[in-house]
Amino acid sequence: MPPGGRPPRNKSRTQLYPDVEAGDGGSDAVENGSSDRAFNAPSDRGERSDRDANGASTSRASPAPAAPRQEAYAADNMEGVALTGGGAALTKYRSTQRELIGGAVFKYTMWVLAIGPWKIIKATSWVLNRWQRFVYPLSYGLFYGGDAMDKTMPTVRAIVVWFWNTCSLALHFVDVILIFAVINILANNGNGAVALTMGMLYLYSHYLMAVIMYMENDRPIDCPVYTAVDLINFARRQVDVLFFDIQLLSSVVHSNIMIEGMTQMMLQGYEEARVCVHMIMNSLPACIILGVLYDAIYALQDQFEDIINRKSRINIIYAAFMLAIWNIIDKFIRLSLADPWLHPLNEDGYPLLYMRSNAARLPRALMLDFVFRANVQLAENDDKLTLKPLYDKYVINVRGEAKHLADGHKMYLLRKALRTFNKAGNIKINRAERLAQKVDRHILRDQMLRETRTVRALDASNIRAGPHLSRMLEEVLAETTGFDVLKLADNRLADDCVAHVVEGLRHNVYGLKIRDLDLSNNDVAVKGAEAVATYIMQYKCVVTLNLSGNMNLGAVGVKGIASVLNEDSALERLDLSGCEVTAEGAAALGAMLKGNKGLRALLLANTRLGTAGVDSICKGIAKNTSLRELDLTRCGCDDKAAAHLAAALQQNNSLERLLVGNNRITDTGAKALADALQANTGLHHIDLSGCPMDKSWKKLLHNIMKGQGDYTRDYARVAGGGGGGGGGGGGGLQF
């Protein structure tokens, strides 16, 4: 059997290998390397005869070397395929003894340093995640209260969060300093073993932090090979953790929350993992040791006589013990009260270890950084907030793959920006909020947002929406105000997700009215279309609606939109390009056009209307007096459809732009349109590019549009001696 695959049953071995003779010589040839001929049998008979003339013995002893491209092709196709008929056709690479020893050393070294501790960390985080889910009602109630305060007193809430974070950090560092003081006391008193144990616990907690960072950011996925590069990256993470503590200490000393937030960003947001590991591996054992030690001092007075005689040392040990207890309580509360908005992202089982699904809120410094960037963007773009470039600022590289913000993080940042820039008029600032604003100015100092803008347009297009974003965006839109342009294009939101977003607009507490709604390139279907239609009917505020690129909209969804575009509708521009409108949907649009008095532009490019669908649209246009632009590009028009258009143009003088390019309109359809344009006085622009008609007809239509030339003479010349149908079908003119 050839190495490249199984031969057909009805072919003999000689037929498969025409240049290999039957008998012992053929067997030897297969064994000695004729596999190249199995993949690339020569087709030139002269080439085979020349090779056979050199003698069968030459082919048996030293087969001709294959070309590099043939060797690569053979290697790719033979990978994983069992070789039969003799020895292996491809040379197998054999590692040297030095390489084998080096690989084994690196492998077991990394297993001891990182892989083994990583298994323990994953098991611990799984247990803590289950605890978070158990206390979920408590965390939900806490954050519900925090969100309620954020609506009326956002600065007060920010001060409370800042105060808690600062106290937590200060408590951590004071406790660490006291623990090292206790270690020094024990070492000087002859209890070096206890002192060494406490010191090792502290170092080990930071070591595990570096393990988490290395395993999740640097370690290649499913790569069994370990090299010196892995050891270097692991050592670099140890240095990162060291500088992490140094910068956090500086943020406590200087009350600089920006330093803290930027440090967490530098380490890719592993605050909760640090809290988790430090509490379990350091604070809790240290607290137990300190408690046992404090009792042992008075139980074994002879061994601790030097400590008892100095009351200051007793006080240091007692203070370290009490602060360790408070530190554990604080960290445990922070660890337990996971944000309910981010709970759906914890399905992986290890939420504390992943940057984009960890259980903590975003650091306030990162939120301030987002607000600052948003304020600059608003000033540069006439109060338009575009989220994609802002979110892309926080993309990180994990194992060579770009990791973006999670849905919950994106919506937190958006809600913070909208509450900062778009303040509702009915919110009264009380004394507590006014006092908190003064305190916040002192905390922020030069980081203060001195001049803020107002978001007038929100562009959330192509923001890599996840499965939970629509629910969160619904909550954000239900409690904001100030803008009238909303773009959610290119997000591939499912039908239910679009319905949730529109429901947020419908139930907005401030009566938010959107004039420009862009839902293009999503997966809007019947449910989403019904929600949009309900919003249009309820508020009568949407002027521009873009639903292009929604392939699943269908005739039912089009009917739902058309049913609410009555005489009182404010909608002026409807874009259904790229949707499956079909003839049934076109019938609903045609019926709508007969009574609608507000629509100015209807775009139906790439909708597969066909002749019947165009006929329905034309019947509506014939009785419509408001439509100014109609796009029927690439929608299946033929000469019959052109005749329907011509009939409609003879009755309609309000249409100004008509686009029917890339359709099957020939000279026959052009003649009908030329006749109709003689009676039409309103059309100023027609696009027939890509239609298989003669250029002379296009020139005639151009002259009619411009009012140039003698129509009777030109028409007789084109109709009598014009080119044959398809001469100008390539580019065409746009009039």
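The values are calculated or read from the model by the stated rules, or taken from the named source; none is laboratory data. What you see is a predicted model; the values in this text were computed from it and never measured. Note that we place each Cβ from the backbone using ideal geometry, even for glycine, and neighbour counts take in every protein chain shown.
Quick look at the values:
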quantity	calculated
Unique match (being under 25 Å from Ile307 (Cβ atoms) and not hydroxyl-bearing (Ser, Thr, Tyr)) among Asn191, Asn165, Asn217	Asn191
Every residue from segment 93-146 that is β-branched (Val, Ile, Thr) and within 21 Å of Thr227 (Cα to Cα)	Thr96, Ile101, Val105, Thr109, Val112, Ile115
Selected residue (only one of Lys706, Lys698, Lys671 is basic (Lys, Arg) and modelled with pLDDT under 75)	Lys706
Segment 169-207, residues that are buried (at least 18 other Cβ atoms within 10 Å of the Cβ) and either among the hydroxyl-bearing types (Ser, Thr, Tyr) or within 35 Å of the chain's Cα centre (by Cα) (or both)	Tyr202, Ser205, His206, Tyr207
Out of Leu603, Leu593, sole residue that is under 40 Å from the mean Cα position of the chain (by Cα) and at pLDDT 95 or above	Leu603
Tabulated pairs, segment 114-131, first outside the structural domain of Leu231 (by TED's automatic domain parsing), second at pLDDT 75 or above, C-beta under 9 angstrom, 6+ apart or interchain	none
Matching option when the condition is over 30 Å from the mean Cα position of the chain (by Cα) and within 22 Å of Ala478 (Cα to Cα), among Thr155, Thr166	Thr155
Subset of segment 438-455 (residues that are surrounded by fewer than 17 Cβ atoms within 10 Å (Cβ to Cβ) and at pLDDT 75 or above)	Lys438, Val439, Thr454
Segment 456-480, residues that are touching a Phe, Trp or Tyr at 6+ places or on another chain (Cβ under 7 Å), surrounded by 18 or more Cβ atoms within 10 Å (Cβ to Cβ) and closer than 17 Å to Val542 by Cβ	Ala457, Leu458
